[in-house]
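Colleague: Here it is, the structure, as structure tokens.
The values are calculated or read from the model by the stated rules, or taken from the named source; none is laboratory data. Owing to the predicted nature of the structure, the values given are computational and were not obtained by experimental measurement. When we count neighbours, we look across all protein chains shown, and the Cβ atoms used for this are built from the backbone with ideal geometry, even at glycine. All accessible areas refer to the heavy atoms of the entire protein, side chains included, with ligands and DNA or RNA removed. Shrake-Rupley method; radii C 1.70, N 1.55, O 1.52, S 1.80 Å.
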Amino acid sequence: MTNTVSIREVAPRDGLQNEEPIPTDDKVRLIDALSGTGVRRIEAVSFVHPRAIPQMADADEVWARARRNPEVRYSALIPNTRGAERAIRAGFKEIEVVVSASDTHNRRNLNRSTEESLDDITGLISLIHTAGATVEVIVATSFGCPFEGDIDPKRVASIVERVRADGADRIAFGDTTGMATPRRVRDLLSEVRPDLLHFHNTRGTGLANVLTALDLGVTEFDASVGGIGGCPYAPGASGNIATEEVVHMLEDMGIDTGIDLEELIKVAELAEGLLGRTLPSGVLRAGPRNRLV
């Protein structure tokens, strides 16, 4: 098993998009605090229409005001050409675009079929590359869909084959509704490998899935401080895996993430205050005597 793991912190985008909107000042505070934890990648904002995701309506202002740590790579999610143009104007060099393996979920999320989204992504890759940025294609509902049920790994593999041929720089698989289990992870990764995995903990299998993926050679994962987030277009998709829980587990296994766990827990406490509710993180609840320091 690897000695190092890279974690991309997604709370400012994926985390907040499933919460009640919070003030711009608080979003900036969250990004700035995360930038000081040792995390090396942060998904900062998404450039989507405010009617679709009102929580991201102030993305341009948030990004303009955030303090950029030169040791952190920041990325933005975009849904279409207009979003890509906004991300490029904002100066992002790492841009993500999503397509669902499930046609039904893709229509709910992006108002078009999976095939139509793939056609759009072909043009987006060219546009983004011309601007000197990289493209990560996130394949949502890779492990199952709340509308269609099981997803054939061969369908995911065919999507990966197409976007790689179109020039995608990176591939990520999204467990959009927390349907992944170690068995599903093995089945999919035996068919096709991503660069990064994004697990939810909806059914309590998030850390088990991380361990399974590590055994299979994947070393990059998304996580969200406090376990906040989900997908507003997928019923029951609550709860990303909590960054501090992943870091806690990996550190105990002797795997380095470069993240300061105590500083990360302070950010989880900050997020709890900003959202005004108790967060699901077990490490946050455990107290200092029951966690690694």
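Colleague: Between a first residue in segment 90-107 that is farther than 14 Å from GLY144 by Cα and a second residue that is of a type outside the set (S, T, N, Q) and in a helix (DSSP H, G or I), which pairs have beta carbons less than 7 Å apart while being 6 or more apart in sequence or on different chains?
Modeller: As it stands, the answer is ALA90/ASP60; ALA90/TRP63; ILE95/ALA84; ILE95/ALA87; ILE95/ILE128; VAL97/ILE121; VAL97/LEU124, since those pairs meet every condition given.
Colleague: Go through GLY144, GLY149 for me and flag whichever is over 23 Å from ILE121 (Cβ atoms) and of a type in the set (Gly, Ala, Ser).
Modeller: GLY149
Colleague: Counting residues that are of a type in the set (Val, Ile, Thr), which helices (runs of 4 or more DSSP H) fully inside segment 134-239 reach at least 3?
Modeller: 153-165
Colleague: Of all the residues that make up segment 2-20, how many are modelled with pLDDT of 95 or more, open to solvent by less than 10 Å² (accessible area, probe 1.4 Å) and not aliphatic (A, V, I, L, M)?
Modeller: Going through segment 2-20 one residue at a time, the tally reaches 3.
Colleague: For VAL293, work out the one condition from (1) among the β-branched types (Val, Ile, Thr); (2) at pLDDT below 95; (3) closer than 21 Å to VAL98 by Cα it doesn't fulfil.
Modeller: (3)
Colleague: Report, by residue number, each residue of segment 21-40 that is open to solvent by 10 Å² or more (accessible area, probe 1.4 Å), in contact (Cβ under 8 Å) with a residue 40 or more places away in the chain and either more than 22 Å from GLY83 (Cα to Cα) or charged (D, E, K, R) (or both).
Modeller: Across segment 21-40, the qualifying residues are ASP26, ARG29, ALA33, GLY36, GLY38, ARG40.
Colleague: Among the residues of segment 79-90, how many are out of contact with any strand residue (DSSP E or B) (no Cβ under 6 Å at 6 or more places or on another chain) and either surrounded by 15 or more Cβ atoms within 10 Å (Cβ to Cβ) or of a type in the set (Gly, Ala, Ser) (or both)?
Modeller: Qualifying residue count for the region: 7.
Colleague: How many residues, within segment 154-188, are farther than 16 Å from GLY144 by Cα, of a type in the set (A, V, I, L, M) and open to solvent by 10 Å² or more (accessible area, probe 1.4 Å)?
Modeller: Qualifying residue count for the region: 2.
Colleague: Let me ask you something else. Considering only residues of segment 252-290 that are among the polar types (S, T, N, Q) and under 23 Å from GLU220 (Cβ atoms), which is modelled with the lowest pLDDT?
Modeller: Among them, the one singled out is SER281.
Colleague: Now, a different point. So, in segment 28-56, exactly how many residues are under 15 Å from ASN18 (Cβ atoms) and in a loop (DSSP other than H, G, I, E, B)?
Modeller: 3
Colleague: What are the pairs, 6+ residues apart or on separate chains, where a residue within segment 249-268 that is over 24 Å from MET1 (Cα atoms) and in contact (Cβ under 8 Å) with a residue 60 or more places away in the chain has its Cβ under 6 Å from a residue that is open to solvent by 10 Å² or more (accessible area, probe 1.4 Å) and assigned to a helix (DSSP H, G or I)?
Modeller: VAL267/ALA33
Colleague: Okay, next question. Condition check: more than 20 Å from GLY36 (Cβ to Cβ), of a type in the set (Ser, Thr, Tyr), at pLDDT 95 or above and open to solvent by 50 Å² or more (accessible area, probe 1.4 Å). Does SER238 satisfy that?
Modeller: Against the criterion (more than 20 Å from GLY36 (Cβ to Cβ), of a type in the set (Ser, Thr, Tyr), at pLDDT 95 or above and open to solvent by 50 Å² or more (accessible area, probe 1.4 Å)), SER238 does not qualify.
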